[in-house]
């Protein structure tokens, strides 16, 4: 599948991650891009990636319109959007309107209203849309989801999900850090800081594994670092649609923490525990004992097996999990373009509905934190 990219030029972090993830399985080739809002920088970035000058575009508008004129088999098949949050909506909208499938970094848009407009376009066009909540791509996350859905825990009662980081413990954005500056700028990041950047990953992971939806929440957001404009720490109580209760904690001022995303799910008959920094291990607990499940070992579910590439004991991590979203998307897109029906595994990637729920989560958490109301409805 031929990929065009919006954003991800010189100095960008996530663009390189997307390109590596897309290339892992040999399913996708980068053929063009509009890598920066600065046309010269975009073309220079294209040269860095060995693209022909005529396919390194000065803007995403130019790219989409030019690629549309190329013959099928030469033009890009889909657009990957890896810009800061405020620039997700315009290229996603234009790509869908011009017949191109989309992979978009999270969150889906700048506002919930924009997210719903994208969702409506996806439904109208029937085009594939993937959102890169990459932690859903880990094999043992898929195994956890399978175990919950097949009743290994009984009815879910409690979910505890945390994402602590420490990299914003000081006013890093004042030092010229590109990654910090846009994430802490309301005009580029949106209504939330840490809760929008990593809290949405925690929300998505909880709903993906459990199959449950948050119905209401009680949030407390704080900007601990003096001079910071958006939250750098947040604590949220959750109610789910089956009556389960939850706790979600997202923080970027937790000194010493790296990327400590972890989740614990407790049901009537057992519990599960998974840590992103030890991703090959899933712990299944009951009052009778503990079972350690490992990637590639034993009778795992089909989704977990499909998400692993190498023999057990060889670590697979962040890039491979990210790559699983691109792999499944590429296979689903290829079958769709060939008039075939994608399998359930092909379609096992976060989509536009997950993006709408992520934006609803951000707006609900921000509103709850500002409100004196104890429980605030989660409305998507």
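Each residue in the range 89-128 was checked for being within 16 Å of residue 204 (Cα to Cα) and in contact with a strand residue (DSSP E or B) (Cβ under 9 Å, 6 or more places away or on another chain), and 5 pass. For the range 282-310, the tally of residues that are surrounded by fewer than 18 Cβ atoms within 10 Å (Cβ to Cβ) and part of a helix (DSSP H, G or I) stands at 2.
If only residues of the range 9-22 that are touching a helix residue (DSSP H, G or I) at 6+ places or on another chain (Cβ under 8 Å) and at pLDDT 95 or above are counted, the one that is surrounded by the most Cβ atoms within 10 Å (Cβ to Cβ) is 18. Of all the residues in the range 32-54, those that are farther than 17 Å from residue 91 by Cα and either in contact with a helix residue (DSSP H, G or I) (Cβ under 8 Å, 6 or more places away or on another chain) or exposed (fewer than 15 other Cβ atoms within 10 Å of the Cβ) (or both) number 10. When you scan the range 89-97, do you find a residue that is assigned to a loop (DSSP other than H, G, I, E, B), in contact with a helix residue (DSSP H, G or I) (Cβ under 8 Å, 6 or more places away or on another chain) and buried (at least 21 other Cβ atoms within 10 Å of the Cβ), even just one? Taking every residue of the range 89-97 in turn, none turns out to be assigned to a loop (DSSP other than H, G, I, E, B), in contact with a helix residue (DSSP H, G or I) (Cβ under 8 Å, 6 or more places away or on another chain) and buried (at least 21 other Cβ atoms within 10 Å of the Cβ). Screening residue 350 against (1) crowded, with 22+ Cβ neighbours inside 10 Å; (2) outside the structural domain of residue 163 (by TED's automatic domain parsing); (3) part of a helix (DSSP H, G or I) leaves a single unmet condition, (3).
The test for being in a loop (DSSP other than H, G, I, E, B), in contact with a helix residue (DSSP H, G or I) (Cβ under 9 Å, 6 or more places away or on another chain), in contact (Cβ under 8 Å) with a residue 60 or more places away in the chain and closer than 17 Å to residue 128 by Cβ does not hold for residue 5.
Could you tell me whether residue 366 is in contact with a helix residue (DSSP H, G or I) (Cβ under 6 Å, 6 or more places away or on another chain), modelled with pLDDT of 95 or more and under 23 Å from residue 199 (Cβ atoms)? Spelling it out, it is not the case that residue 366 is in contact with a helix residue (DSSP H, G or I) (Cβ under 6 Å, 6 or more places away or on another chain), modelled with pLDDT of 95 or more and under 23 Å from residue 199 (Cβ atoms). Residues considered: 361, 329. Of these, the only one that is out of contact with any helix residue (DSSP H, G or I) (no Cβ under 8 Å at 6 or more places or on another chain), assigned to a helix (DSSP H, G or I) and buried (at least 23 other Cβ atoms within 10 Å of the Cβ) is 329.
Taking the range 174-281 as the region of interest, the helices (runs of 4 or more DSSP H) fully inside it that hold 1 or more residues being in contact with a strand residue (DSSP E or B) (Cβ under 7 Å, 6 or more places away or on another chain) and modelled with pLDDT of 95 or more are 200-210. Of the residues making up the range 364-380, those that are in contact (Cβ under 8 Å) with a residue 12 or more places away in the chain and in a loop (DSSP other than H, G, I, E, B) number 5. Would the range 35-43 turn up any residue that is touching a residue at least 60 places away in the same chain (Cβ under 8 Å), more than 29 Å from residue 336 (Cα to Cα), in the same structural domain as residue 87 (by TED's automatic domain parsing) and in a loop (DSSP other than H, G, I, E, B)? For the range 35-43, residues touching a residue at least 60 places away in the same chain (Cβ under 8 Å), more than 29 Å from residue 336 (Cα to Cα), in the same structural domain as residue 87 (by TED's automatic domain parsing) and in a loop (DSSP other than H, G, I, E, B): absent. Among the residues making up the range 252-279, those that are more than 19 Å from residue 158 (Cα to Cα) and surrounded by fewer than 20 Cβ atoms within 10 Å (Cβ to Cβ) are 255, 256, 257, 258, 259, 260, 277, 278. Of all residues in the range 293-309, those being over 18 Å from residue 150 (Cα atoms) and touching a strand residue (DSSP E or B) at 6+ places or on another chain (Cβ under 9 Å) number 2. I'd like to check something: does the range 123-143 contain any residue that is buried (at least 22 other Cβ atoms within 10 Å of the Cβ), part of a helix (DSSP H, G or I) and more than 18 Å from the chain's Cα centre (by Cα)? Scanning the range 123-143, I find at least one residue that is buried (at least 22 other Cβ atoms within 10 Å of the Cβ), part of a helix (DSSP H, G or I) and more than 18 Å from the chain's Cα centre (by Cα), so the answer is yes.
The values are calculated or read from the model by the stated rules, or taken from the named source; none is laboratory data. Predicted model, so just to flag it, every value in this text is computed and none were measured. A quick note on method: Cβ atoms are made from the backbone with ideal geometry, for glycine too, and the neighbour counts reach across all protein chains shown.
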